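The values are calculated or read from the model by the stated rules, or taken from the named source; none is laboratory data. As the structure is a computational prediction, the values presented were derived from the model and not from experiment. For neighbour counting, all protein chains shown are included, and Cβ atoms are generated from backbone atoms with ideal geometry for every residue, glycine included. In case anyone asks, the SASA skips ligands and DNA or RNA and just uses the protein heavy atoms, side chains included. Shrake-Rupley method; radii C 1.70, N 1.55, O 1.52, S 1.80 Å.
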Amino acid sequence: MSGGEVCVIGTGMHPWGKWGRPFTEYGAVAARAALADAGTDPGEVDFVSGAATVRGGYPGFVAGAVFARALGWRGQQVASSYAACASGAQAIAAARARLLAGLSDTALVVGADSAPKGFLAPLGGDRPDDPDWLRFRLLGAANPLYFALAARRRMELYGARPEDFAAVKAKNAAHGSANPRARYRARTTPEEVLASPVVADPLHLLDVCATSDGGAALVLVRTEDARRRGAGPVRVSGLSAAVPAYPVAEPEMPYLAGDPPRRGDGGRVTGAPRFRAANAHAAYEEAGVGPEDLDLAEVYDLSTAMELDWYEEIGLCPCGGAEKLLHEGATRVGGRIPVNPGGGLASFGEAVPAQGIAQVCEIADQLRGRAEAGRRVEGARVGIAVNQGLFGHGSATVLTR
Amino acid sequence: METAHWLARGPDGPHLVGSRCTACGAVAFPPDPDHCRDPHCPGGPTEEAPLPRRGRVWSFTDCRYRPPPPFVPPTDPFEPFVLLAVELDGPGPIVLGQAPPGTDLSALRVGLPAELVEGTAAGPGGERHPVWHWRPLPADGPREEDR
């Protein structure tokens, strides 16, 4: 089905933090780093694919053209992609499509944001026709409440405990302590997580990811061009950024309700939405690999409990098996299938449009054997990055070497 | 507010008003006046549909910190509130809603019955909008799936 492949030949990131600078600055730093890493002159870039900043659940500031200007307007083609947490993946998808169509030869993908403080909030004004606005006005349903409903569900279905969620944070914090680009570098114990204030029962403050400033960038070319350059190519072998399929039982953020089971479906629809699994499956299929081939995974741990859901949705274990996999140490660096070796959102906080690109940066760096000791996955050849966000957006990207 | 018609009173008490597709019967909440959301449905006009006023707690949580605007705290200082996800009888859709003020989180369990009661949400000018609340009910003996 594939019309060819593209390769990551350069990665770059601005460190995550709360720096209070314009997002363009982070994007430009990341982009220059990626270009230097690729050994690519900025003048070679003929397509700039920007992941749009997010304000109030919607595209915020202009991305593609602004990043291009920060690097110098040279008449490059541009695009801006908005898909909430999956914006970075859509920006990669746009670049890939253009490269494979032969319309561009060297693509620069950039995402960056300066996150507002505190809870992510909807746009202001009086906008009752917007479900993102309504969920706050009518219900006060901020994002962590949706994460908490899913976490409680996991406790009910599989007997998960807050101690299991806390152990996810401790694992990711240990990974992040070895990552100089991470915002939070301190190790954290499960006891510290459980002693932190409850935000939305059963989730504590340290179970829920923060919002951060950060920037990430990639240089992409077609595989044959990467070979010609002699770059140790990391191939984007599969990428899916599909919406869910109706009916979706669980109320997806920011909606107030889910869909009822379709008449005649018979069986009850319970548990996590299957669309996250569907994106992973589509990316595996395109790449010609399966979960058994994975050496590492970067999953979107908006909450610690959500990381456990991902284990099952990307096929690392059967449903209900995530806690066992975690406690066996399989998902720790050094284990059978390290998850979030970069430290995950637990160590980064979320810089929404940069995050999906940062996930791919981490996997590409791991596949090139460049991750620092302490989080390096030795001999990694296959990785997957997955995320999920507002309005039914989500993605899965499989990278191979 | 524009959402006032999502709530109505029937002979058994207050209930939500969704939409039902006249072609396939699929219901949706909030009501969708224009089209059926099922992509496999040939499509037809939708009509208003009263939704069951009872269901089962599918999940629950609470909110310990004041959410940002446009949420308006009904009390000053902000008081934490309980949020329920209730699967309507039928089975119908899972619908989110606050529990009435004073609901005890520690008494909640997934699977408990719950019923809709009328409540209000605060507006920025001190006004109150009608809104639905989910009131958890005492357990009603072993459920089929528990046996």
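What to note about this one:
- Surface accessible to a 1.4 Å probe, per residue, for the residues of region B:1-137, Å²: 45 Å²
- Under the criterion of Cα pairs below 8 Å and six or more residues apart, the relative contact order for region B:5-84 equals 23 percent.
- Long-range HN-HN contacts of A:Arg183 with modeled amide H, under 5 Å: A:Trp16, A:Phe348
- Of the residues A:Thr211, A:Val289, A:Tyr26, the one whose Cα sits farthest toward the positive end of the charge dipole of the protein assembly as shown, with +1 on the Cβ of Lys and Arg and -1 on the Cβ of Asp and Glu, is A:Tyr26.
- Solvent-accessible area buried by A and B, counting both chains, probe 1.4 angstrom, square angstrom: 3900 Å²
- Distance between the C-alpha centres of region A:319-334 and region B:58-130: 34 Å, rounded to the whole angstrom.
- Under the Karplus curve 6.51 cos²θ - 1.76 cosθ + 1.60, θ = phi - 60°, whole-Hz ³J(HN,Hα) for region A:94-110, x wherever Gly or Pro sits: 5, 5, 4, 4, 5, 5, 6, 7, x, 7, 9, 10, 9, 10, 10, 9, 9
- Projected onto planes of every orientation and averaged, the convex hull of the alpha-carbon atoms in region A:133-259 covers 11.8 nm².
- For region B:1-129, the Cβ-based charge dipole about the Cα centre amounts to some 260 debye (Lys, Arg positive; Asp, Glu negative; other atoms uncharged).
- Centroid-to-centroid separation of region A:89-164 and region A:352-380 [C-alpha atoms, Å]: 22 Å
- In region A:295-338, the GluC sites (Glu not before Pro) that fall in loop regions by DSSP, at most 14 other Cβ within 10 Å: A:Glu328
- Scaling against 2.2 N^0.38 Å puts the C-alpha radius of gyration of region A:1-114 at 1.01.
- Axis angle, to the nearest 10 degrees, between helix A:304-313 and the longest C-alpha principal axis of chain A: 70 degrees.
- Carbon + sulfur, % of accessible area of region A:257-401 - ligands and nucleic acids excluded, 1.4 Å: 48 percent
- Shielding of peptide A:244-256 by partners, expressed as the average count of other chain Cβ atoms within 10 Å per residue Cβ, is 4.
- The dipole here belongs to region A:95-250: it is taken about the Cα centre, uses +1 on the Cβ of Lys and Arg and -1 on the Cβ of Asp and Glu, and is about 700 debye.
- Once C-alpha pairs closer than 8 Å and six or more residues apart are averaged by separation and normalised to the residue number of region A:275-401, the relative contact order reads 32 percent.
- FRET efficiency, A:Tyr246 to B:Ala4 (Cβ-Cβ, R0 25 Å, nearest 0.05): 0.35
- Nearest-ten-degree value, helix A:352-367 long axis tilted from longest Cα axis of chain A: 70 degrees
- Crossing angle, helix A:23-38 versus chain A [Cα axis fit, 0-90 degrees, rounded to tens]: 60 degrees
- Solvent-accessible area per residue, Å², over region A:245-401 with all protein chains present [probe radius 1.4 Å]: 31 Å²
- Distant-in-sequence amide H partners of A:Thr53 (H built 1.01 Å from N, under 5 Å): A:Gly60, A:Phe61
- A:Asp259 exposes around 30 Å² of accessible area when a 1.4 Å probe is run over every protein chain in place.
- With the whole protein complex present, B:His5 retains an accessible surface near 90 Å², based on a 1.4 Å probe.
- Across region A:240-246, computed HN-Hα scalar couplings (Karplus, 6.51 cos²θ - 1.76 cosθ + 1.60, θ = phi - 60°) run 10, 9, 8, 7, x, 9, 5 Hz from first to last residue, x flagging Gly and Pro.
- Accessible-area value, A:Lys171, 1.4 Å probe, nucleic acids and ligands omitted, Å²: 20 Å²
- For the protein assembly as shown, the 222 nm mean residue ellipticity estimated from helices alone, with every DSSP H stretch of n ≥ 4 adding -39500 (n - 2.57) and the total spread over all residues, rounds to -7500 deg cm²/dmol.
- For the protein assembly as shown, the alpha carbon positions stretch 76, 48, 48 Å along the principal axes, listed from largest to smallest.
- Note that region B:44-53 has calculated 3J(HN,Hα) couplings of x, x, 9, 10, 5, 9, x, 9, x, 8 Hz, one per residue in order, obtained from phi through the Karplus relation 6.51 cos²θ - 1.76 cosθ + 1.60 (θ = phi - 60°); glycine and proline are x.
- For B:Gly111, the residues 5 or more places off, or on other chains, whose built amide H falls under 5 Å of its own are B:Val57, B:Trp58.
- Listed by chain and number, the lysines whose alpha-carbon sits under 19 Å from that of A:Lys117, ignoring those within fewer than 8 places in the same chain, are A:Lys18.
- Exposure ranking of A:Phe147, A:Phe391 by accessible area [1.4 Å probe, largest first]: A:Phe391, A:Phe147
- Beyond 17 Å, the tail of the calculated P(r) for region B:53-147 holds 52 percent of the Cα pairs.
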